[in-house]
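Visitor: Before I ask anything, here is the structure I am working with.
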Amino acid sequence: MAKKKKEVALNLDAVLFKCRDILRKASNSGSFFEKRDLMLTLVFLRFIGEKFEDGVANLAEQLRKQGLDPEAPEIHAAFFDDPSFTDGTYNLQKEARWSTIINTPAPKLNTALDAALHSIATTDARLRGCFNEGTFTSRGLGASDIKQLVDEVNKISHKKFGEEKDLIGRVYEYFLKEFAVNATKEEGEFYTPHDAVQLIAAMIEPFDGTLYDPCCGSGGMFIQSADLVKARKGDIRRINVYGQEKEAATLRLAKMNLALRGISNNLGEASISTFKNDLHKGLYFDYIMANPPFNLKNWWEEGLANDARWVDYGVPPQSNANYAWVLHILSHLKPLTGVAGFLLSNGALNDSDALSIRQKLLEHDKVEAIVILPRDLFITTDISVTLWILNQNKRGGDYHGRQLRDRHGEVLFLDLRTWREHAVKGEQKKKVMLDSEQIARATAIYHRWQEKGTDGNSYAEPELYRSVSLAEIKAHDWSLIPSNYIEFVDHDLEMDYAAEMQRIQQSMHALMAREQKSQRELIAAFEGIGYGIGVTSGDDV
């Protein structure tokens, strides 16, 4: 009897590694960006094809519940030749379906893939701009190479890896990490970790209204916010998404990502820097979530000197864009109700070049919370980052069913740097993550501080958080470094030195006894085979 093969569980990284290896060895595969574009377009076709197949299966199930046979020719012609879906699923023509692509002979695959892209672009206006038509024939990968890629991508499925995950973003993250770590660090192109996005979304609760990201990348902020709304049994159709992205390939990716999730959006038609051309100028948003490029250099141009975004606070330093992002975000918040959560490098907490801007932000009571995150959260950098929360309304009132108190003149500081116990497995470098319990705990600290019944004057836990008055921040020269305000306990003062010294001496005696025993055993062993060994004292060694 033949021995049954053990089934090996699919691993997303293993599949993507195989794709990377195929592209690395293939001729005509192009630059990193061209490889990434090709891969993400393939994954897009796979996901949208799977969504269509799921829609057809759901439609068939609905017909059966109504007593109709979906296999009957007349029923099939009436419902499936031109299916109508109510769940946001896209109706794909036969040439655009994954079932057609996966069954196409290898020599015809490049042509078939571009035919699928053309079909999608011409039949559904919502999907235009998600990809470059002609991607596959222009690259002209060999028949064997493109066939291998398609077969590997066929293994990537929401059924296998989970509908709740931002899989297309995960693919983007993988290729960013594997192909362009060094190339992208300078530009700050980092895929924002899911846990960091979840923390921001959980804290500011973007459940309805307008949501904006001025540097939206692959759209991960929007995806995670939509998932949070779904988890709270909300309706993602109540969220209107706005964004901007300067990298053309990444903008296409964001449009792909949102299209697959059925999230309506306005990301603009052009890929351009938010500073050079603000595509949403004059609009104000309920919520802003962002992960701007850290310490971005070369952002400044002379035309920005008199920009309206910094008229009330002063021109931000030209050395890096950190405070330019802060002021840009603030300029787009709804004046009375807007809330923003965004990430910046820790250097922005006490940047001397931006002291006057930081002072005005605090005096105008725009800063609500500062949260230092653990190091090593990001895949492509180990830089330490801070979550800033700006709030246009610290006077209290109803907020998503919670009754908030007046927090005027207070800032909450949290220091989560010690929350490093959850290592990310499978990474070459040491990486950590915040789990759901930690996210819930940090969110609860922030929300409890906001709510009625809390005394901000005494709201603190040593080494973790503290509510601080503006007067105290002023006394620290407007620094936002949490360690200036959160109490850190000197655990050495709690130590019983007599007991500790006794423990150390006992350990040393036990160690010396073990070493002496080992030496005696070693001498006896050598003497047993005819060798004599002399032992010196430790001072002679």
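Visitor: For the pair Lys281/Ser144, report the inter-label distance in nm, with labels modelled 7 Å from Cα in the Cβ direction.
Guide: So the label points at Lys281 and Ser144 sit 5.5 nm apart.
Visitor: Report, in whole Å, the centroid distance computed from the Cα atoms of segment 64-82 and segment 211-259.
Guide: 36 Å
Visitor: For segment 328-432, which chymotrypsin sites (Phe, Trp or Tyr not before Pro) are in a loop by DSSP, counting at most 16 other Cβ atoms within 10 Å?
Guide: none
Visitor: Report the residues of segment 339-362 in range of a label on Leu304: point 7 Å along Cα→C-beta, backbone N strictly under 18 Å from it.
Guide: Flagged as within label range: 343-345, 347-349, 351-358.
Visitor: Hey, another quick one. Exactly which trypsin sites (Lys or Arg not before Pro) in segment 445-477 are in a DSSP loop and have at most 14 other Cβ atoms within 10 Å?
Guide: Loop-located and lightly packed - Lys452.
Visitor: Roughly what would the spin-label model give for Lys108 and Asn484, points 7 Å off Cα along C-beta, in nm?
Guide: Spacing of the two 7 Å Cα→Cβ label points: 6.9 nm.
Visitor: Between Lys18 and Ala423, what is the label-point separation in nm under the 7 Å Cα-to-beta-carbon projection?
Guide: Distance between the two pseudo-spin positions: 2.8 nm.
Visitor: DSSP loop trypsin sites (Lys or Arg not before Pro) in segment 238-297 with at most 13 other Cβ atoms within 10 Å of their Cβ, which ones?
Guide: Listed in order of number, the matching sites are Lys276, Lys281, Lys297.
Visitor: Search the structure for amide H atoms under 5 Å from the amide H of Ile288, placed 1.01 Å from N in the peptide plane, and list their residues when 5 or more places away or on another chain.
Guide: Tyr212, Val339, Ala340, Gly341
Visitor: Using the structure shown, list the pairs from Lys160/Lys246; Lys25/Lys108; Lys25/Lys246 with a Cα-Cα distance above 28 Å, or answer none.
Guide: Pairs exceeding 28 Å: Lys160/Lys246; Lys25/Lys246.
Visitor: What base-10 log of the normalised intensity I(q)/I(0) is obtained for segment 12-163 from the Debye formula, alpha carbons as equal point scatterers, at q = 0.09, 0.13, 0.15, 0.19 Å⁻¹?
Guide: -0.32, -0.64, -0.81, -1.17
Visitor: Is there a pair in Lys35/Lys276; Lys255/Lys366; Lys65/Lys94; Lys230/Lys430 whose C-alpha atoms are over 30 Å apart, and which pairs would that be?
Guide: Lys255/Lys366; Lys230/Lys430
Visitor: On to the next question. Using amide H atoms built in the peptide plane, which far-off residues or other-chain residues are under 5 Å from Gly209 H to H?
Guide: HN-HN under 5 Å from Gly209: Asn240.
Visitor: Let me ask something else. Grab the other residues whose beta carbon is less than 11 angstrom from that of His332, score K and R as +1, D and E as -1, and report the net.
Guide: 0
Visitor: Quick check: residue separation of His408 and Phe32 times 0.36 nm, minus the Cα distance between them. What number comes out in nm?
Guide: The His408-Phe32 span can extend by a further 130.4 nm.
Visitor: Mind checking the dipole of segment 12-163: about its Cα centre, +1 per Lys or Arg Cβ, -1 per Asp or Glu Cβ, Debye to the nearest 20? Spell out each step's value before the answer.
Guide: Values: 20 positive and 22 negative charges, 144 e Å.
Taking the Cα centre of segment 12-163 as origin, the dipole is about 700 debye.
Only the coordinates and a few stated rules stand behind these numbers; no lab work does. In this text the structure is predicted, and so the values were computed from the model without any measurement. In this analysis, Cβ positions are derived from the backbone assuming ideal geometry, glycine residues included, and neighbour counts consider all displayed protein chains.
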